[in-house]
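Structure first, then comments.
Throughout, read-outs are computed from the coordinates displayed, never taken from laboratory work. Here the structure is a predicted model, which means the values were calculated and not measured. Neighbour counts run over all protein chains shown; Cβ positions are idealised from the backbone, glycine included.
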Amino acid sequence: MATVELKQLKKVYNRKVEAVKGIDLTVHDGEFLVLLGPSGCGKTTTMRMIAGLEEITEGEVLIDGVSVGHLPPRKRNVSMIFQNYAIWPHMTVFDNIAYALKIKKMEKSEINTRVKEVAELSGIESLLDRYPDQLSGGQQQRVAVARAIAVQPLVFLMDEPLSNLDAKLRVQMRTDLKEIHRSTGATTVFVTHDQSEAMSLADRIVIMKDGAIIQIGTPDEVYHNSANRFVADFIGTPPTNFLSVLVGDKEEEGYRLKGDHLDFTANHPSLAGFEGKTVLLGVRPENIDVLPEAPIEAICRLIEPQGSHNIILAQIGEQRMKLSVSPDIGLKIDQTFRLRLKSGHYHFFDPETGERLDK
Ligand SMILES: Nc1ncnc2c1ncn2[C@@H]1O[C@H](COP(=O)(O)OP(=O)(O)O)[C@@H](O)[C@H]1O
Ligand SMILES: [Mg+2]
């Protein structure tokens, strides 16, 4: 197994498109690391530089402490899995998995054992004699996974491997990939633009935007302690709600916060120095309580039932926010109700830079 280090890694295409802007990152041995960010933020470019499929403009990639910038892909000991499976149509499943092992001149009996092992791990042991066109998309992707595992690389690189699968299968494959990772313990870098996929798979998530790293943290950290407005908005469905509030003077129970149809106090040390200024309050949908005596009046505009909970679109003056509440609360459309932010479960953000104030 191995570590992967990126040092000031940079990619400029055609001398003008700065796709990756000098990023620093260490992937720990055995870690499942997810690169997450919107389309065009430089995820694929980063992966391709690690794999050796894209020339590095500046900086370094180290695998197990060895700089690999000058090595071709096959000498880097990495396996890459793409969105479009890329398994060979003219070979059976068995031959697809065995191909790289034959090239390595592995013994026939050893190849048989290895192929059976990884096929079992990937749940395709009954499909070894089939050709790719006799397989579903999900099965084809399992073959790609099995083929990648078979060569026992130092590092797995997966670029949106689940994007071509339908929603249900995608969720199923997540679980399977996680189990495979648990049993192989292989250092993995996984790219996705899907925050819920990132949350469910990652040991740590690296959030990228415009070729730069915005935050690195465990799923819990990036969710509960988002570094800035971008992350708070990108992670979570529905995302964090933002309310614009004017910070008043400090009173006994905390700072007086006023906004459109808002007037309440919050005890938050990060507000010191912001008296008289407007800040953004960010609160997640599940951190809002609906209570008859709560301080904030809202109108229920829409209800999205999710079975286990309801998503309520609430209007407070001109501002709107989404709440995740128990269906038992029984709100009706256009009903006026009262809500309260759960103490200690909200953050403040600088309205100009978007940075969290209480970092
Ligand atoms: N071969 C290329 N030539 C020029 N620009 C490219 C090339 N590949 C990617 N880009 C640009 O680099 C940026 C990052 O792309 P990419 O790494 O594919 O992002 P992501 O995988 O996060 O969607 C984008 O602006 C994209 O248009
Ligand atoms: Mg991409």
If you scan the stretch 38-88, which residues turn out to be within 11 Å of ligand 1 (Cβ to nearest atom) and among the aliphatic types (A, V, I, L, M)? 47, 49, 53
So, of the residues in the stretch 178-190 that are in contact with a Gly (Cβ under 9 Å, 6 or more places away or on another chain) and in a strand (DSSP E or B), which turns out to be farthest from ligand 2 (Cβ to nearest atom)? 187
Close pairs from the stretch 33-48: first within 15 Å of residue 216 (Cα to Cα), partner near ligand 2 (Cβ under 9 Å from one of its atoms) and among the hydrophobic types (A, V, I, L, M, F, W, C), Cβ under 6 Å, at least 6 apart: 35/191; 43/191
Regarding residue 50, is this residue outside any strand (DSSP E or B), of a type in the set (A, V, I, L, M, F, W, C) and within 16 Å of ligand 2 (Cβ to nearest atom)? yes
State yes or no: is residue 268 within 30 Å of residue 162 (Cβ to Cβ) and out of contact with any helix residue (DSSP H, G or I) (no Cβ under 6 Å at 6 or more places or on another chain)? no
Give the residue that is nearest to residue 321 (Cα to Cα), with candidates limited to residues of the stretch 240-276 that are buried (at least 18 other Cβ atoms within 10 Å of the Cβ) and among the polar types (S, T, N, Q). 241
With respect to residue 224, is the statement that it is more than 25 Å from the chain's Cα centre (by Cα) and either more than 16 Å from ligand 2 (Cβ to nearest atom) or aromatic (Phe, Trp, Tyr) (or both) true? no
Could you identify the single residue in 177, 157, 169 that is within 16 Å of ligand 1 (Cβ to nearest atom) and touching a residue at least 24 places away in the same chain (Cβ under 8 Å)? 157
Within the stretch 53-82, track down each residue that is touching a Leu at 6+ places or on another chain (Cβ under 8 Å) and within 16 Å of ligand 2 (Cβ to nearest atom). 80, 81
Selection count where residues are small (Gly, Ala, Ser) and surrounded by 17 or more Cβ atoms within 10 Å (Cβ to Cβ), scope the stretch 54-99: 3
Could you tell me how many of the residues in the stretch 205-249 are assigned to a loop (DSSP other than H, G, I, E, B) and either hydroxyl-bearing (Ser, Thr, Tyr) or farther than 29 Å from residue 309 by Cβ (or both)? 6
Scanning for something at positive phi and in contact (Cβ under 8 Å) with a residue 12 or more places away in the chain, does the stretch 185-202 turn up at least one residue? yes
Could you check how many residues of the stretch 115-165 are among the acidic types (Asp, Glu) and part of a loop (DSSP other than H, G, I, E, B)? 2
Residues located in the stretch 325-350, provided they are crowded, with 19+ Cβ neighbours inside 10 Å and touching a helix residue (DSSP H, G or I) at 6+ places or on another chain (Cβ under 7 Å): 341, 346, 348, 349
Looking at 60, 55 in this structure, which one is part of a loop (DSSP other than H, G, I, E, B) and within 30 Å of residue 210 (Cα to Cα)? 55
